[in-house]
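Colleague: Right, I'll just put the structure down here and ask away after.
The values are calculated or read from the model by the stated rules, or taken from the named source; none is laboratory data. Small disclaimer: the values here were computed from a predicted structure and weren't measured. Quick reminder, even Gly has a Cβ in these numbers, built from the backbone with ideal geometry, and neighbours come from all protein chains shown. Just so you know, the surface numbers come from the protein's heavy atoms only, side chains and all, with ligands and any DNA or RNA stripped out. Shrake-Rupley method; radii C 1.70, N 1.55, O 1.52, S 1.80 Å.
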Amino acid sequence: MSRLPLPGHHLLAAAGVRSRARHRADPRDLGHPSGPPSTRAALGELGSALDGVRLLGALPRLSSAPRGEGHLVVDIPGWRAPELSGAPLRAYLRRLGHDARGWGFGTNTGDPRRDVERLSRRLLELVEMKGEPASLVGWSLGGVIAREVARRHPDAVRRVITYGTPVTGGPRHTTVARAYRRGPDPDAQRVAERLDPTAPIPVPLTILFSKRDGIVSWQACLDHTSPDAEHVEVSSTHIGMGIDPDVWTVVADRLARA
């Protein structure tokens, strides 16, 4: 039986003092995408900056997250996002003791086939220098790239963590579907979907999604085929995920488990 929330729990969670993240054991019960997010959800992205306010209330639990031991973590930005967009999360992970780095290619311009190739080369170089596998953290389209790199080079990847990443449907289930030709390469997503049942990603996957996501349909983020995938629901806008303390604590916890 699930426990009822204690008095004041929702207020503390809204302030960031407590987490709103929930582990979802069986994604089959959560449904499948039917199109892009609603207009209401898309308009909700205008309040993304408010998600960062929760970082202040979350400082005690963020500082008490499990420590790292110099593990290599490569962070991959979302579509049209500059590499700088992941700087706050990388700084936090470095503070915990991880060797967190950007992907090294600046803004993600939306060519995942090219980016999988060049990130694969960079990853293998870094892993050889480091002498151990790396973890990949990808936001939105960055998660698509992280998944495909892990599929190609599972021996070089210890864990993949994605948030707001479309696993199925690609641009069809995002707000860029309304401007389809200007969105990310849809062919790369179709190739990934064909590979999922026949060549599933063998490394542990942590998939964070939010029903408040106004950019990517949250149902499209669910992975129904990978053998070692867990799903964690957060309560953030798509843009706000990069500064959501619940995302940060889940990332830190899973990196420490690796």
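Colleague: Could you give the nm distance between label points at Phe105 and Arg40, where each point is 7 Å from its Cα heading toward the beta carbon?
Modeller: Spacing of the two 7 Å Cα→Cβ label points: 3.8 nm.
Colleague: In percent, what relative contact order does the chain have, based on Cα pairs under 8 Å that are 6 or more apart in sequence?
Modeller: On the way: 534 pairs, mean separation 70.6, N = 258.
With pairs under 8 Å counted, the relative contact order is 27 percent.
Colleague: Taking 0.36 nm per residue of separation and subtracting the Cα-Cα distance, what length does fully extending Arg95 through His32 add? Could the numbers behind the result be given before it?
Modeller: Working: separation 63, 0.36 × 63 = 22.68 nm, distance 3.78 nm.
Contour length minus Cα-Cα distance gives 18.9 nm.
Colleague: With θ set to phi - 60°, apply the Karplus curve 6.51 cos²θ - 1.76 cosθ + 1.60 along segment 99-105 and write out the HN-Hα couplings as whole Hz, x wherever there is a Gly or Pro.
Modeller: Here the 3J(HN,Hα) series is 8, 8, 9, x, 6, x, 10 Hz.
Colleague: Next question. Would you mind working out the accessible area per residue for segment 48-203, using a 1.4 Å probe, and quoting it in Å²? Write down the numbers at each step before the final one.
Modeller: Details: 6900 Å² over 156 residues.
Heavy-atom SASA per residue in segment 48-203 reads 44 Å².
Colleague: Still on this structure, please answer the following. Would you pull out the residues with amide H under 5 Å of Ile161's amide H, same chain only if 5 or more places away, H placed 1.01 Å from N?
Modeller: It is Leu136, Val137, Gly138, Thr206, by chain and number.
Colleague: Right, here's the next one. Going by a ≥ b ≥ c, the root eigenvalues of the Cα gyration tensor, does segment 1-125 fall in the rounded group (a/c under 1.5), the prolate group (a/b larger than b/c) or the oblate group?
Modeller: Cα axes put segment 1-125 in the oblate bin.
Colleague: Which value, in nm² and rounded to one decimal, describes the direction-averaged projected area of the C-alpha convex hull of segment 54-200? Numbers along the way, then the final one.
Modeller: On the way: hull surface 37.2 nm².
Directional mean of the projected Cα hull area for segment 54-200 stands at 9.3 nm².
Colleague: What is the Cα coordinate range of segment 200-244 on the first, second and third principal axes, sorted by size from largest, in whole angstrom?
Modeller: 29, 19, 12
Colleague: P(r) of segment 21-70 in 10 Å steps, Cα pairs, percent per bin?
Modeller: In whole percents, the pair-distance histogram is 17, 25, 35, 22, 1.
Colleague: At 7 Å along the Cα-to-beta-carbon direction for both Asp228 and Ala199, put a label point, then send me their distance in nm to one decimal.
Modeller: Here the answer is 1.9 nm between the modelled labels.
Colleague: Less than 20 Å from a label point 7 Å out along the Cα-to-Cβ axis of Arg113: which backbone N atoms in segment 131-168 qualify, by residue?
Modeller: Flagged as within label range: 141-153, 166-168.
Colleague: So if each residue of separation counts as 0.36 nm, and I subtract the Cα-Cα distance between His23 and Leu11, what length gain in nm does that give?
Modeller: Details: separation 12, 0.36 × 12 = 4.32 nm, distance 2.03 nm.
Taking His23 through Leu11 to full extension adds about 2.3 nm, to one decimal.
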